[in-house]
Amino acid sequence: MQLSRRVLSLKTSSTLAVTNRAKALVRQGIDVIPFAAGEPDFDTPAVVKEAAIGALRAGQTKYMPTAGDPETRQVIAEKLDRENAISGVTAEHVVITTGGKHAIYLVLQALLDRPPAGEAAPEVLLPVPAWVSYDPIARMCGANVVEIPTEARSGFKMTPEQLRGAITARARVLVMNSPSNPCGTMYSPRELKALGAVVADAARTVAPDLVVVTDEIYEKIVYGEAPHFSMGAIPEIAERTVTINGLSKAFAMTGWRVGYLAGSGAWGLELARAAEKLQGQMTTNITSFVYPAIRVALTRCGDDVERMRLAFKRRAELIYGEVSKIPELVCPRPTGAFYVFPDVSAYFGRTTAGGRAARSAQEMAEAILEEARVAVVPGEDFGGCGRDHIRLSFACADEKIIEGMGRLRSFFGTCR
Ligand code: GLU
């Protein structure tokens, strides 16, 4: 039976594919070092779990309002005001979703239209390398993805001039993700304000419908060189900016699937109602007994977040030091999120100890898994220069990092 073209042309998520494969190998008792999974190894804070268990016991097991319960949306709106300096966000602007990924899906579905035959598709501007799911989701929504290439040398950051050059009258969405998955780097507030000024200017001239979708899921995992900054806090573009976030990374809650989206002002309300309408035909609401846990996480877990941040900071230094010992890998120092993204292309075409000649990041990742038993994500699906890179997640214990990097050192060291 025929499947839809939409699904047939959809790429499989390579982050999930490698992570699932590595987890399956571990289940078979094979000693694989988990540098693939973009998920904290910490347990969810106990108070968060207790809040969900309490709600379950108290019988909070029924349908909830589609966009989320009003109390929890209020807590999120207050968080965005207090921590992110995004003003004009009320509970009504917030839609709670099944993970950050679904928030992105809802927003892009609400903003983009597949064009009628003969008309040009709307454009989604994507600084690359970028997380593997933005591009496929944007395409599923009928958009053309315009990649804005960045390089390791400049910390994988796009310049205002590059952004200005990429904006046309068809530009509908700019996707931002700082700190970045997979790059492990982040923009400074000054750099983001300069990009915001380009958006504001373009909106007044060539691209009146341009919206910034800023995925800030790694906002808490920063190493102190520059503070995290939200583009929604830039007054000139606040009402054309949608902030995406969730609880997965900051609170070690990947499996809970909690994300949210929020714009501000009158347009933000319109967008929230559109996302709510879509959610009403898709998932209804997120799991009912999770709402109190969200409130506890956002208001009472600052110490846990800081403890985990400090661990990630230590691991960032550890893995960066280890990567730097491998000759010919090019890798910027990680400043946010929990990834390093070294350029391994100097090794393409050389023969591994196991007799493979890896000619691409995909083949290299395959060889590393088979021969060194380290799971890494090949960079092709992150776009742009990602094809020369592999992603290592350091969301695992220090001992695993030391062991895994030892294996990688000997893997690359024996390539001829
Ligand atoms: N964001 C994480 C990663 O990149 C989780 C997996 C996914 O959804 O891509 O590994």
### Query
Can we say residue 376 is in contact with a helix residue (DSSP H, G or I) (Cβ under 6 Å, 6 or more places away or on another chain), farther than 26 Å from residue 20 by Cβ and in contact (Cβ under 8 Å) with a residue 40 or more places away in the chain?
no
### Message
Condition first: farther than 26 Å from residue 131 by Cα and either of a type in the set (Phe, Trp, Tyr) or surrounded by fewer than 17 Cβ atoms within 10 Å (Cβ to Cβ) (or both). Can you find one or more residues in segment 389-404 that meet it?
### Response
yes
### Query
Considering only helices (runs of 4 or more DSSP H) fully contained in segment 1-118, which possess at least 3 residues that are away from the ligand (no atom under 16 Å from the Cβ) and among the β-branched types (Val, Ile, Thr)?
46-57, 70-84
## Note on the structure
Only unsatisfied item for residue 205, checking (1) closer than 18 Å to residue 107 by Cβ; (2) more than 16 Å from the ligand (Cβ to nearest atom), is (1)
### Query
Within segment 153-212, can you find the residues that are out of contact with any strand residue (DSSP E or B) (no Cβ under 7 Å at 6 or more places or on another chain), closer than 24 Å to residue 139 by Cβ, surrounded by fewer than 17 Cβ atoms within 10 Å (Cβ to Cβ) and of a type outside the set (Gly, Ala, Ser)?
206, 208
### Query
Does segment 352-373 hold any residues that are in contact with a helix residue (DSSP H, G or I) (Cβ under 7 Å, 6 or more places away or on another chain) and without any contact (Cβ under 8 Å) to a residue 24 or more places away in the chain, and which are they?
354, 356, 358, 362
### Task
Can you tell me which residue within segment 84-97, out of those that are hydroxyl-bearing (Ser, Thr, Tyr) and surrounded by fewer than 21 Cβ atoms within 10 Å (Cβ to Cβ), is modelled with the highest pLDDT?
90
### Query
Looking at this structure, is residue 193 at pLDDT 95 or above, charged (D, E, K, R), within 16 Å of the ligand (Cβ to nearest atom) and more than 12 Å from the chain's Cα centre (by Cα)?
no
### Query
When segment 140-161 is examined, which residues are found to be more than 16 Å from the ligand (Cβ to nearest atom) and either of a type in the set (D, E, K, R) or in a helix (DSSP H, G or I) (or both)?
147, 151, 152, 153, 154, 157, 160, 161
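The values are calculated or read from the model by the stated rules, or taken from the named source; none is laboratory data. Remember, predicted model here, so these are calculated numbers, not experimental data. Positions of Cβ are backbone-derived with ideal geometry, glycine not excepted, and every protein chain shown enters the neighbour counts.
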